[in-house]
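First up is the structure itself, then whatever we jot down about it.
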Amino acid sequence: MVDVVWSATETEAETGLTIASDNIFVKDSLFSEPGLIEHIAQSAAAFAGYGTFARGESPKLGYIGEIKDCIINCLPEVGSELRTHIQLVIEVGSIRLIKAEVRVGEKIAATCQMKIFLKDD
Amino acid sequence: MEKQELIEKVNSVLAEEFEVEESIITPEANIKTTLQLDSLSLVDMVALIESEFGVKILPADLAKVQTFEALYDYLAERV
């Protein structure tokens with residue numbers, strides 16, 4: 001559930017998603033809480049995937065290890081364009097701690113921290 | 001930062017973050033056992049140390065920093 005990766009560096013990335021009416025996480029024309037979290041997780045995956053791709057490595061399997069401090073301010077409507085910023089806070093071994101902020105226009109729809117466990121081949 | 005001041009700050013921020021009594025944090029105690037850290041909360045500790053002291057515990061060094069004493073020494077050399 002990531003339409004586009006607007007930008008990506010070693011420490012941060014920006015992704016986008018337009019909420020389609022047939023999105024599995026849409027309920028009553030609103031993009032639900034699990035959808036926001038899944039979008040953040042897939043944005044983090046795209047971010048990690050970019051890194052391995054840039055280094056010429058094969059992408060790794062990733063798992064959500066922990067979701068923390070998740071705050072959801074609003075549920076975006078169908079047709080909304082999400083803009084999500086992912087920041088790598090720290091990487092310890094094969095665990096990445098990321099911070100995510102999802103915006104709809106100027107409004108912050110959701111923020112959270114996530115620990116992604118990257119499985120070595 | 002004086003070493004004693006450093007020790008007191010380390011103990012205070014760790015005790016607060018991981019919700020343990022400062023009294024159980026003793027120099028020879030094992031960090032993971034004392035703070036009941038698993039692999040995920042270990043990441044929190046490394047992130048906390050980096051944000052509070054501006055010191056990044058390198059992955060290669062993490063294996064050597066097993067006790068609070070080792071952590072104090074590691075930070076004292078870098079702060």
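Summary table
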quantity: Count of residues meeting criterion [touching a helix residue (DSSP H, G or I) at 6+ places or on another chain (Cβ under 8 Å), more than 17 Å from B:Ala76 (Cα to Cα) and more than 14 Å from every other protein chain (Cβ to nearest Cβ)] in the range B:19-59; calculated: 8
quantity: Output for the range A:38-87, where each listed residue is in contact (Cβ under 8 Å) with a residue 24 or more places away in the chain and of a type in the set (S, T, N, Q); calculated: A:Gln42, A:Ser43, A:Ser58, A:Asn73, A:Ser80, A:Thr84, A:Gln87
quantity: Of all residues making up the range A:107-121, the number that are modelled with pLDDT under 95 and more than 14 Å from every other protein chain (Cβ to nearest Cβ); calculated: 1
quantity: Test: residue in the range A:80-89 that is more than 15 Å from the chain's Cα centre (by Cα) and away from every other protein chain (no Cβ under 14 Å); calculated: yes
quantity: Unique match (being of a type in the set (Gly, Ala, Ser) and modelled with pLDDT of 95 or more) among A:Ala44, A:Ala100; calculated: A:Ala100
quantity: Some residue of the range B:22-30 being among the small types (Gly, Ala, Ser), surrounded by 17 or more Cβ atoms within 10 Å (Cβ to Cβ) and not in a loop (DSSP other than H, G, I, E, B); calculated: no
quantity: Unique residue being of a type in the set (Asp, Glu), within 20 Å of B:Val43 (Cβ to Cβ) and more than 13 Å from the chain's Cα centre (by Cα) when the list is A:Glu12, A:Glu66, A:Glu57; calculated: A:Glu66
quantity: Residues satisfying the stated conditions in the range A:90-106, i.e. of a type outside the set (D, E, K, R) and either touching a residue at least 40 places away in the same chain (Cβ under 8 Å) or within 14 Å of chain B (Cβ to nearest Cβ) (or both); calculated: A:Ile90, A:Val92, A:Gly93, A:Ser94, A:Ile95, A:Leu97, A:Ile98, A:Ala100, A:Val102
quantity: Residue that is nearest to the other protein chains (Cβ to nearest Cβ), among those in the range B:60-78 that are in a loop (DSSP other than H, G, I, E, B) and surrounded by 14 or more Cβ atoms within 10 Å (Cβ to Cβ); calculated: B:Val65
quantity: Among (1) at pLDDT 95 or above; (2) under 19 Å from A:Leu88 (Cβ atoms) - the single one B:Glu50 does not satisfy; calculated: (1)
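Yes/no per residue for (1) surrounded by 14 or more Cβ atoms within 10 Å (Cβ to Cβ); (2) among the charged types (D, E, K, R); (3) in a strand (DSSP E or B):
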residue	(1), (2), (3)
A:Gly16	yes, no, yes
A:Ile37	yes, no, no
A:Ala41	yes, no, no
A:Ile64	yes, no, yes
A:Cys70	yes, no, yes
A:Gly79	no, no, no
A:Arg83	yes, yes, yes
A:Gln87	yes, no, yes
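The values are calculated or read from the model by the stated rules, or taken from the named source; none is laboratory data. Being a predicted model, the structure only gives us computed values, none of them experimental. Using ideal geometry, Cβ is built from the backbone for each residue, glycine included, and neighbour counts are taken over all protein chains shown.
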